[in-house]
């Protein structure tokens, strides 16, 4: 083997090892309105909403799904409650890796948001507030504890937890709109083109509400808008509409009481939405298709209690816990974390390399200079290391410009590799959307 061939083999192995050696992990996300957890009022009392009883229901619910990250609404503002929740519901039976952070309450509300996470898999780096009109909307920044951290490659994700104003009528809709606008303006300034989930009890009755339109407005917020995971068939007038029965999250109770709202399952109030980055997976975090669901929602309890006449989605014990703990169902989804999607450029002396556009959709342009005559090797690998496209055009010394048809490649992260006739090479991450 010649020295040039040896150099080429080493570069190729280096590229593929960087691309393939890292791991992929799927994480479970849960968002849940706990209904006045740890705080009593004239209507949610220590009798009809006892926190010790709620802990038992919550443990049953969590053990059914086993989330890696949990965000909650309607958490009491007592600063001791996050630690209490950890010790009673998560760090139990020998488990000690769940963590949380102090709650923020600039709005001086009786109810706040909170986050709990598996510290083996992620680390919380900051906690800020996007807005504090009526209630705080919290912005949690985390990074994932992947193998690539040792190489200085950090995959971040923001969790935005919101509890929008409740109630019907134009006044309440306007308040929800204002809270959504404040949040989106914050995200446009501080979290653009990032991995972002926005989750919570949005109290939306329809996709026609201004608040929903603002959150999903790709024209007004092109770098920070959100995608509803079930936008293809789950968007519309959700209120008391049996056509959307499998997406309803409230109310788990048909009759209700002074604390839990009655009426049965007939509203879609609870959401997890994702940024375009997470939808496409272009920065290390990807939504797992068809993983979005309301825990316990089998579509068969429209205007009925969630535990009535059995439940096809969860065991009866879990359905009962959902019924008694809160008048909301938890929302769950899975995300895939993959170091291979965060691969850095690996270069070996190709001159003036350019690749555009990136992200690309139909055509990709590759430009560079080379020193000798011969065949150029062009390959595009997927995250599994499989060659999805290859070409070997003849070329002369000097400037090269190739236009590649990538229309057949699906959305995602790829690796483009160029090897010139004299053995120099370049590899660069390519995003297709």
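The values are calculated or read from the model by the stated rules, or taken from the named source; none is laboratory data. Quantities reported herein were computed from a predicted structural model and do not represent experimental measurements. In this analysis, Cβ positions are derived from the backbone assuming ideal geometry, glycine residues included, and neighbour counts consider all displayed protein chains.
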(request) Check the range 271-281 and report whether any residue there is outside any loop (DSSP other than H, G, I, E, B), in the same structural domain as residue 30 (by TED's automatic domain parsing), over 23 Å from the mean Cα position of the chain (by Cα) and surrounded by fewer than 20 Cβ atoms within 10 Å (Cβ to Cβ). (result) no
(request) Would you kindly identify the strands (runs of 3 or more DSSP E) lying entirely within the range 132-206 that contain at least 1 residues that are in contact with a strand residue (DSSP E or B) (Cβ under 6 Å, 6 or more places away or on another chain) and at positive phi? (result) 196-201
(message) Return the residues of the range 327-339 that are assigned to a strand (DSSP E or B) and modelled with pLDDT under 95; say none if nothing qualifies.
(response) 336, 337, 338
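Quick one: is residue 229 free of Cβ contacts under 8 Å to residues at least 12 places away in the same chain and part of a loop (DSSP other than H, G, I, E, B)?
No; evaluated as a whole, the condition is false for this residue.
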(message) Please determine whether any residue of the range 103-117 is modelled with pLDDT of 95 or more, outside any strand (DSSP E or B), over 26 Å from the mean Cα position of the chain (by Cα) and more than 20 Å from residue 201 (Cβ to Cβ).
(response) no
(request) Could you please let me know if residue 324 is at pLDDT below 95 and touching a helix residue (DSSP H, G or I) at 6+ places or on another chain (Cβ under 8 Å)? (result) no
(message) Only one of 351, 346 is surrounded by fewer than 14 Cβ atoms within 10 Å (Cβ to Cβ) and at pLDDT below 85. Can you tell me which?
(response) 351
(request) Give the residues of the range 407-422 that are assigned to a strand (DSSP E or B) and free of Cβ contacts under 8 Å to residues at least 60 places away in the same chain, sorted by residue number. (result) 414
(request) Would you mention how many residues in the range 361-406 are over 15 Å from residue 431 (Cβ atoms) and not in a strand (DSSP E or B)? (result) 11
(request) Pull up the range 381-402, narrow it to residues that are more than 23 Å from residue 352 (Cα to Cα) and in contact (Cβ under 8 Å) with a residue 24 or more places away in the chain, then point me to the one that is surrounded by the most Cβ atoms within 10 Å (Cβ to Cβ). (result) 383
(message) Going through 39, 11 one at a time, which residue ends up being at pLDDT 95 or above and not in a strand (DSSP E or B)?
(response) 39
(message) Within the range 67-92, take every residue that is part of a loop (DSSP other than H, G, I, E, B) and touching a residue at least 12 places away in the same chain (Cβ under 8 Å) and give me the one that is surrounded by the most Cβ atoms within 10 Å (Cβ to Cβ).
(response) 67
(request) Specify which of the listed residues (318, 314) is surrounded by 14 or more Cβ atoms within 10 Å (Cβ to Cβ), at pLDDT 85 or above, assigned by TED's automatic domain parsing to the domain that holds residue 270 and in a loop (DSSP other than H, G, I, E, B). (result) 314
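Working only within the range 289-302, note down all residues that are buried (at least 16 other Cβ atoms within 10 Å of the Cβ) and modelled with pLDDT under 95.
Within the range 289-302, no residue meets the criteria.
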(message) So residue 233 ticks every box in (1) in contact with a strand residue (DSSP E or B) (Cβ under 8 Å, 6 or more places away or on another chain); (2) over 13 Å from residue 160 (Cβ atoms) but one. Which box is left unticked?
(response) (1)
(message) Looking at (1) closer than 26 Å to residue 243 by Cα; (2) at pLDDT below 95, which one does residue 307 not meet, given that it meets all the others?
(response) (2)
(message) Please go through the range 49-66 and give me each residue that is buried (at least 24 other Cβ atoms within 10 Å of the Cβ) and under 12 Å from residue 116 (Cβ atoms), ordered by number.
(response) 58
(request) Please list, ordered by first then second residue, the pairs with beta carbon atoms under 6 Å, 6 or more apart or interchain, first in the range 95-118 and without any contact (Cβ under 8 Å) to a residue 24 or more places away in the chain, second outside any strand (DSSP E or B). (result) 97/119; 97/120; 98/86; 98/90; 98/91; 100/82; 100/86
